[in-house]
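Report on the structure given below.
Since every read-out is calculated from the coordinates, none of them should be taken as a lab result. Values in this document were obtained by computation on a predicted structure and should not be read as measured data. Cβ sites come from the backbone with ideal geometry, for glycine too, and all protein chains shown count toward neighbours.
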Amino acid sequence: MRDTLKHSGMRNKLANVLAAKGIRDKKVLDVIRTIPRHLFLDSSFEAHAYQDKAFPIGADQTISQPYTVAFQSELLEISANDKVLEIGTGSGYQTAVLLGLKVKVYTIERQLELFKKTSLFFSKMGYRPKKATFGDGYKGMPEEAPFDGIIVTAGAPFVPKPLLAQLKIGGRLVIPVGIDEQIMTLFIRKSAKEFEKKEFGSFRFVPLLEDKN
């Protein structure tokens, strides 16, 4: 395993950078200090793995920059043992951060290449989401609903109604909404039909792909 004292020091520096950028949740920052991000990337990117940058991971997808991962995780306001649905497993880094926060993670990936690669990686590294599936993130995971939190790690042109429906009362959906540029949006379920909506500025994500078959 390519992990050294050097990487530990780089993770600490990264967490300090994220704190300086406004991340306040100590639990999130502590987890960032423990997750070996360089192992989620091709070895050619290892020297840059702890910079606050996104990198390609194959299948025209990217691993989000650490600030984005931390920001979305912070917006979830999750507690240990909460049920969290992740739309877009990708490299698995966000999954690992959620697991580090001691929640029950259910994750969906639309790209078969990444799903197979990440499933093997999870097994090798000992990361154990409650369920990892290959499928359409727009549909969520109704058989496992309701969820305390749902996090979408790709840009959605609209908010999928099934995701809102799969939230518990009091649950939080964090989703970047838009096409060329996305607005980070938080929905809090207040009742069966009522949601509170908050927006948190512009981000850029790869698009959330829908199975139209």
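A viscosity of 1.567 mPa s and a temperature of 4 °C, combined with the Kirkwood radius over C-alpha pairs in the Stokes-Einstein formula, give the range 107-155 a diffusion coefficient of 109 µm²/s.
Find the centroid of the Cα atoms in the range 1-77 and in the range 140-169, then give the distance between the two in whole Å. If you average the Cα positions of each part, the centres end up 25 Å apart.
Quick one: work out the % antiparallel among DSSP beta bridges in the range 1-109, nearest 5. Taking every DSSP beta bridge with both residues in the range 1-109, the antiparallel ones total about 40 percent.
Computed from the alpha carbon positions, the gyration tensor of the range 1-50 leads to an equivalent ellipsoid with semi-axes of 20, 10, 9 Å, biggest first. For the chain, a Gaussian network of Cα nodes joined below 10 Å ranks Leu41, Leu101, Leu112 by mean-square fluctuation, and the top entry is Leu112. A simple count of charges around Asp25, restricted to other residues whose Cβ falls under 11 Å of its Cβ and scoring Lys, Arg +1 and Asp, Glu -1, yields 0. Give the cross-link partners of Lys139 among the aspartates and glutamates, using a straight C-alpha distance below 13 Å as the criterion and excluding same-chain residues fewer than 8 apart. Output for Lys139: Glu86, Glu109, Glu210, Asp211.
Projected over every direction and averaged, the convex hull enclosing the alpha-carbon atoms of the chain yields 11.1 nm². Pairs from the table (Lys131/Lys198; Lys26/Lys190; Lys21/Lys53; Lys83/Lys197) lying more than 23 angstrom apart at Cα are Lys131/Lys198; Lys26/Lys190. With the helix formula -39500 (n - 2.57) applied to DSSP H stretches of n ≥ 4, the chain reaches a computed 222 nm mean residue ellipticity of -8500 deg cm²/dmol. The residues packed around Glu196, meaning those with a beta-carbon under 15 Å from its beta-carbon, carry a net charge of +4 if Lys and Arg are +1 and Asp and Glu are -1.
Bridges between two residues of the chain, per DSSP, are antiparallel at a rate of about 45%.
What is the calculated FRET efficiency for Lys124 to Arg24, with r their C-beta to C-beta distance and R₀ = 35 Å, to the nearest 0.05? Working from the Cβ atoms, E equals 0.60. Counted over the range 14-101 with a bin width of 5 Å, the fraction of Cα pairs per bin, in whole percents, is 3, 14, 28, 26, 18, 9, 3, 0. Computed on the range 116-168, with alpha-carbon pairs under 8 angstrom and 6+ residues apart, the relative contact order is 39 percent.
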